[in-house]
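K.L.:
Sharing a structure here in structure tokens format.
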Amino acid sequence: MNIVVPVLMGLPLTVLLTAAAFAVGFVLAVPLSLMSTSRNALLRLLSQLIIWLERGVPPLVWLMILYFGVRVGAVRLSSMQAAILGLSVVSMGYLSEILRSGFMAIPAGQYEATRALGLGYWTSYSRVIFPQAIKLMVPSFTTYFIGLMKDSSLASSIGVAEMVFQASKVARRSQVGITPFLVAAVFYIAVSIPIAIVTRRMEGAMREAK
Amino acid sequence: MKQTSWMQIWAQALPDMIGGLRISLTLTAVVLVIGIPCGLVLSLGSGSRAKALRWLCYAIVEIGRGTPALVTLYIIYYGFPDIGLKLSSFVSAVVGLVITTAAYSCEYIRSGLRSVPHSQIEAGEALALPRTDIYRRIVIPQGMRIAVPALMSYSIQLFQMTSLTYNITLRELTSVSYSLGMKTFQYLAVFVLAGLIYAAISGVCSALVKLLEQRLSLTK
């Protein structure tokens, strides 16, 4: 019991970190995906550069750049801030790809219809395209959420007291290495299974709706 | 405080970092060479008619994919000594990443094998080929070819994943960069260079994958 409970104490922070990074990443992904489908070649090039950097640099290196590297005057990011920011940079590119393929899956007729009705760019995306596309994207989003939750374990390297950090603490204190980490592994799988089941259900329901 | 330009820092840091990069690349290669055959075995096992074997393979794949690679590495490096198995950091890194790689590549290979038309298997059966020959000579060669682009994209991800082994004290690129950062207090410059090295290699490789994908689809 004195292993399971301390490791479990890290779970809320793991979930919070994942949710925060996902939310920030999503907000950043929307303009990025619009840029990558833009007609302006310069914007498209810029979006490719951003995606290359955030995919090419390993998540751990992002966290280290932000945590150890970035300082404005004497101010440094806290480990939690660096972790949220780092993971949202990493998730931004993947989420923007999901958004892009969702936007492209909407029939061209819908885009033409918005133009024929004289809707502005913002209105046509926010009221017509996005509500349809989001339904197609939900399964990919949940799959990615599970992946991001596993990536959030990296935050332990910069001192965020999430699940792996707690497991390491228990391991160091009890001089037993194997059980705390196995417990952590079980919790990761335990959290991801219900999410996976719900996703599969949603996919099934959507296929029937078609 | 003496101001040193990034270029100077980079020039000083580069030789050590190349040494670290060599370990990252070696690790990637070793893990691929062991992990992908393991993935093939798992994918064949999960398509087996024996229920027990099938479920065992499913379980290995789900656990391998569901556990964060970092946790797998910790279990092996810090946990296995408790059961009397003390592995060096490189061997632990290989074992841990092989588990993850086998689980992921199993999925890619499985979908590759599944996209081989069923008529190919039927043709083999019509020719009265034994089941092992049908798989060894017909299904696997074609299925693996279909899986190649996905496996190559995964290899790039694996190369980045090797940065996790910093946590089990392997002297690869990220770990070397961290020590250099501590020594010089130029964390930003050093980590940006490390990031650029990772991004450059990943970028070149993914361009190659894209090229290969086009070649493969043209021949069809």
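The values are calculated or read from the model by the stated rules, or taken from the named source; none is laboratory data. Bear in mind the structure is a predicted one, so any value in this text is a computation, not a measurement. Neighbour counts run over all protein chains shown; Cβ positions are idealised from the backbone, glycine included. Accessible surface areas use protein heavy atoms only, side chains included; no ligands, DNA or RNA. Shrake-Rupley method; radii C 1.70, N 1.55, O 1.52, S 1.80 Å.
K.L.:
Quick check on packing: order B:25-32, B:46-53, B:77-84 by the mean number of other C-beta atoms within 10 Å, highest mean leading.
P.N.:
Answer by packing, highest mean first, reads B:25-32, B:77-84, B:46-53.
K.L.:
What residues qualify as long-range amide H neighbours of A:R76, i.e. H under 5 Å apart, gap of 5 or more or another chain, H built at 1.01 Å from N?
P.N.:
Placed amide hydrogens put nothing under 5 Å from A:R76.
K.L.:
So if I take the centroid of the Cα atoms in the stretch B:103-148 and the same for the stretch A:53-115, what is the distance between those two points in Å?
P.N.:
Distance between centres, Cα-based: 38 Å.
K.L.:
Report which residues of the stretch A:147-176 become buried by 20 Å² or more of accessible surface when going from the isolated chain to the complete set of protein chains (1.4 Å probe; DNA, RNA and ligands ignored).
P.N.:
Residues passing the criterion (a loss of at least 20 Å², heavy atoms only) are A:K150, A:S153, A:L154, A:S157, A:V164.
K.L.:
Return the calculated 222 nm mean residue ellipticity for the protein assembly as shown, to the nearest 500 deg cm²/dmol, obtained by summing -39500 (n - 2.57) across DSSP H runs with n ≥ 4 and dividing by the residue count.
P.N.:
Rounded to the nearest 500, it is -25500 deg cm²/dmol.
K.L.:
Shielding by partners for B:148-161, please: the mean number of other protein chain Cβ atoms within 10 Å of each residue's Cβ.
P.N.:
The shielding value for this peptide is 1.
K.L.:
While we're looking at this one, here's another question. Give me the percent of the accessible area of the protein assembly as shown that comes from carbon and sulfur atoms, probe 1.4 Å, all protein chains in place.
P.N.:
The nonpolar share, carbon plus sulfur, comes to 67 percent.
K.L.:
I'd like the orientation of helix A:41-56 relative to chain A: the angle between its Cα long axis and the longest Cα principal axis, in ° from 0 to 90, rounded to 10.
P.N.:
So the inclination is approximately 20 degrees.
K.L.:
When you look at the Cβ of every residue in A:13-21, what mean number of other chain Cβ atoms sits within 10 Å?
P.N.:
0
K.L.:
First check a/c for chain B, with a ≥ b ≥ c the square roots of the eigenvalues of its C-alpha gyration tensor; if it is under 1.5, answer rounded, and if not, answer prolate when a/b is larger than b/c or oblate otherwise.
P.N.:
Note, shape of chain B comes out oblate.
K.L.:
What whole number of Å gives the distance from the Cα centroid of the stretch A:160-201 to the Cα centroid of the stretch A:1-18?
P.N.:
Cα centroid to Cα centroid, the span is 7 Å.
K.L.:
Kindly identify residues of the stretch B:37-83 having a loss of at least 20 Å² in accessible area between the isolated chain and the assembly of all protein chains, probe radius 1.4 Å.
P.N.:
Flagged in the stretch B:37-83: B:G66, B:T67, B:P68, B:L70, B:V71, B:Y74, B:I75, B:Y78, B:G79, B:D82.
K.L.:
Summed for both chains, how many Å² of accessible area, to the nearest 100, are buried between B and A with a 1.4 Å probe?
P.N.:
The buried area between B and A, both sides summed, comes to about 2600 Å².
K.L.:
Further, regarding this structure: What accessible area per residue comes out for the stretch A:4-209, rounded to a whole number of Å², with a 1.4 Å probe?
P.N.:
For the stretch A:4-209, the solvent-accessible area averages 49 Å² per residue.
K.L.:
Using 0.36 nm per residue of separation minus the Cα-Cα distance, give me the extension gain between B:R131 and B:C205 in nm, one decimal.
P.N.:
23.0 nm
K.L.:
Rounding to the nearest 10 and keeping the result within 0 to 90°, find how far the Cα-based axis of helix B:51-66 lies from the longest principal axis of chain B.
P.N.:
20
K.L.:
Per residue of A:59-72, count partner chain C-beta atoms within 10 Å of its C-beta, then hand back the mean as an integer.
P.N.:
Average per residue, whole number: 6.
K.L.:
Tell me whether the stretch A:60-210 comes out rounded, prolate or oblate; compute the Cα gyration tensor, take square roots of the eigenvalues as a ≥ b ≥ c, and use a/c under 1.5 as the rounded threshold.
P.N.:
Judged from the Cα gyration tensor, the stretch A:60-210 comes out oblate (a/c at least 1.5, b/c at or above a/b).
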